[in-house]
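Worksheet: the structure to be examined is printed underneath.
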Amino acid sequence: MPSTTASSSSPNTDLQQRSRRHVWHPCTQSIRLEAVPPLPIARGEGVWLFDHEDRRYLDATSSWWVNLFGHAHPALNAALKDQLDKLSHVMLAGCTHAPAVELAERLSALTGHALGHCFYASDGASAVEVALKMSFHAWRNAGRGGKQRFVALKQGYHGETLGALHVTDVPVFRDAYAPLLANAHLVASPDARNAKPGEDAAAVARRTAAELEALLAEQHDTIAAVIVEPLVQCATGMAMHDPEYVRLVRALCDRYQVHLIADEIAVGCGRTGSFFACEQAGIWPDFLCLSKGISGGYLPLALVMTRDAIYEGFVDDDVARSFLHSHSYTGNALACRAAVATLDLFKSEDALQRNRSRAARLLQRLHDGLEGQPVDHLRQRGMITALDVREPGARFAERFHMAARAQGLLMRPIGNTVYLMPPYAINDGEVDQLVDSTLATLKAVMATSSKEGARNVALA
Ligand SMILES: *Cc1c(COP(=O)(O)O)cnc(C)c1O
């Protein structure tokens, strides 16, 4: 395997050492920083990231699922430079500005004005906090203050601030903070991989929706909302489900007078094949959270869209009936302008249509190349493709990540799930490169896994 660390005095290693001294890296077990030094990235262009020695890496995870049209996109750069000379930021309480207004108008239009109002937040977790608080508060304004609890799905992820974490079911993120968290109801995931013999994905959806119905039938008086990631539960390994589940949850929420919160932070903005994932179920939620891709992967921005009727419930002389939530950078002008320019690119690049053929090519080539490899559940929804590695051995995700670097790929598996979630900017040649390098990485890692596994057993 070629070395991925350069000589000790290079700008790459210098940054790695200084980073370790003063930067506390997210989602990182710091003790592994020696074995897995952070990749020092100097610049990006399209789907590529370059280190300080101009070695390049294909950004196969869209920089944590945020990048859509590639790094340093000329149109996005131009829009931001223009905005920079006009207005970077002004507070959105007492003021307004064109990028915030235009973005809210255009997003509302994309829902056929079903979700007519847009509340801005700052990053994904803050949008989830807003949706949870709004749902509770809307019921309280309607004289139903007893609706105080939330229903979340097993294997779900909604962010890591305390409110968002209480509806997140990922033990490594959650367990240490369990004493601080409110109690959410957790119901079965509609993950299609859990099909029993004779069941298809729609049957799993119906079975798991029935479990939700039993809970709602009994406890709807104390439940404010059900929160779901429509179509793909991303953070727990790209667990995919049938759109039927989202349809059924909408119907149950209507029947039992419970809000539906669609967390489209990862799956929105075209990632699953339609602009909003909910479109594939033919429904609209009561609250829809967007972040990640909405600014094209340029700047932190999040928002919660809701029905005009819910907004109207907060319009009152009584201050206690108003939604006084805010973040200092709420509706940041630069971020909103990046989002408006991103929406323009969906049109000018005909992104959803082009993604269809890219995704089909990726799946076909991956499917052919995986022949005889120890993998299960190759699956795809739009621009998300994933597979599970059988008997991955110890520290699989880390070993895969390091081997991928050597192939010029930036990838971080989740447990034993390898996923490909490239920027929409990827072209056919780059799709082929992505697949070939992924397969080469997998083979290299599997060749070492039996050895590693044996050593680990010995150490245990
Ligand atoms: C990433 C993510 C979040 C949290 O967003 P942050 O910007 O990381 O706070 C919430 N929900 C889902 C579904 C996500 O994928």
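The values are calculated or read from the model by the stated rules, or taken from the named source; none is laboratory data. Every value quoted in this text rests on a predicted model; they were computed, and no experiment measured them. When we count neighbours, we look across all protein chains shown, and the Cβ atoms used for this are built from the backbone with ideal geometry, even at glycine.
Test I265 against the stated conditions and say whether it is in a strand (DSSP E or B), within 16 Å of the ligand (Cβ to nearest atom) and either touching a Cys at 6+ places or on another chain (Cβ under 7 Å) or farther than 19 Å from L68 by Cα (or both). Break it down into steps so the answer makes sense when it comes.
Values: in a strand (DSSP E or B): no; within 16 Å of the ligand (Cβ to nearest atom): yes; either touching a Cys at 6+ places or on another chain (Cβ under 7 Å) or farther than 19 Å from L68 by Cα (or both): yes.
No; evaluated as a whole, the condition is false for this residue.
Could you list, in sequence order, the residues of segment 429-460 that are at pLDDT below 70 and of a type in the set (D, E, K, R)? Those that are at pLDDT below 70 and of a type in the set (D, E, K, R): K451, E452, R455.
Please verify whether D14 is closer than 27 Å to K292 by Cβ, in a helix (DSSP H, G or I) and acidic (D, E), treating the condition exactly as stated. Considered against the rule, which asks whether it is closer than 27 Å to K292 by Cβ, in a helix (DSSP H, G or I) and acidic (D, E), D14 comes out as no.
Scan segment 183-207 for residues that are among the charged types (D, E, K, R) and either farther than 22 Å from A281 by Cβ or modelled with pLDDT under 95 (or both) and the total you get is 1. Contact annotation: residue pairs with Cβ atoms under 7 Å, 6 or more positions apart or on different chains, pairing a residue in segment 365-376 that is farther than 16 Å from V445 by Cα with a partner that is in a helix (DSSP H, G or I), are R365/D432; R365/V435; L366/V435. Here T342 meets each of (1) closer than 15 Å to K443 by Cα; (2) in a helix (DSSP H, G or I); (3) not small (G, A, S) with one exception, condition (1). Within segment 413-446, the set of residues being of a type in the set (A, V, I, L, M, F, W, C) and either part of a helix (DSSP H, G or I) or farther than 20 Å from R358 by Cβ (or both) comprises I414, V431, L434, V435, L439, A440, L442, A444, V445, M446.
Among all positions in segment 116-132, there is at least one residue which is more than 21 Å from the chain's Cα centre (by Cα) and within 30 Å of L352 (Cα to Cα). Can you find a residue in segment 66-77 that is away from the ligand (no atom under 16 Å from the Cβ), of a type in the set (A, V, I, L, M) and over 15 Å from A333 (Cα atoms)? Taking every residue of segment 66-77 in turn, at least one turns out to be away from the ligand (no atom under 16 Å from the Cβ), of a type in the set (A, V, I, L, M) and over 15 Å from A333 (Cα atoms). Taking every residue in segment 291-303 that is within 7 Å of the ligand (Cβ to nearest atom) and pairing it with any residue that is in a strand (DSSP E or B), at least 6 positions away or on another chain, the pairs with Cβ-Cβ distances below 8 Å are S291/A121; S291/A302; S291/L303; A302/Y120; A302/A121; A302/C289; A302/L290. Take Y256 and tell me if it is touching a Pro at 6+ places or on another chain (Cβ under 7 Å) and within 24 Å of R149 (Cβ to Cβ). So Y256 fails the test. It is to be established whether one or more residues within segment 310-329 are over 30 Å from L84 (Cβ atoms), assigned to a helix (DSSP H, G or I) and in contact with an Asp or Glu (Cβ under 9 Å, 6 or more places away or on another chain). Scanning segment 310-329, I find at least one residue that is over 30 Å from L84 (Cβ atoms), assigned to a helix (DSSP H, G or I) and in contact with an Asp or Glu (Cβ under 9 Å, 6 or more places away or on another chain), so the answer is yes.
Are any residues in segment 289-309 assigned to a loop (DSSP other than H, G, I, E, B) and either of a type in the set (V, I, T) or in contact with a helix residue (DSSP H, G or I) (Cβ under 7 Å, 6 or more places away or on another chain) (or both), and if so, which ones? Hits for segment 289-309 are S291, G296, G297, Y298, L299, P300, L301.
How many of the residues in segment 311-322 are touching a residue at least 40 places away in the same chain (Cβ under 8 Å) and either farther than 16 Å from C118 by Cα or surrounded by 21 or more Cβ atoms within 10 Å (Cβ to Cβ) (or both)?
Going residue by residue through segment 311-322, those that are touching a residue at least 40 places away in the same chain (Cβ under 8 Å) are 311, 313-314, 316, 321.
Then keep just the ones that are either farther than 16 Å from C118 by Cα or surrounded by 21 or more Cβ atoms within 10 Å (Cβ to Cβ) (or both); that gives 316, 321.
So the answer is 2.
On the given criteria, is A98 within 30 Å of E279 (Cβ to Cβ) and within 21 Å of the chain's Cα centre (by Cα)? Working first, answer last.
Numbers: within 30 Å of E279 (Cβ to Cβ): yes; within 21 Å of the chain's Cα centre (by Cα): no.
So A98 does not fit the description; no.
Restricting attention to segment 120-143, the residues that are part of a helix (DSSP H, G or I), more than 16 Å from the ligand (Cβ to nearest atom) and surrounded by fewer than 20 Cβ atoms within 10 Å (Cβ to Cβ) add up to 2.
Keeping to segment 83-106, report how many residues are closer than 30 Å to W48 by Cβ and either basic (K, R) or in contact (Cβ under 8 Å) with a residue 12 or more places away in the chain (or both). Walk me through it before giving the result.
From segment 83-106, those closer than 30 Å to W48 by Cβ are 83-85, 88, 99, 103, 106; that's our starting set.
Applying the additional criterion that residues be either basic (K, R) or in contact (Cβ under 8 Å) with a residue 12 or more places away in the chain (or both) yields 83-84, 88, 99, 103, 106.
Residues that pass the stated criteria total 6.
Please indicate, with yes or no, whether at least one residue in segment 331-340 is loosely packed, with under 14 Cβ neighbours inside 10 Å and modelled with pLDDT of 95 or more. Within segment 331-340, not a single residue is loosely packed, with under 14 Cβ neighbours inside 10 Å and modelled with pLDDT of 95 or more.
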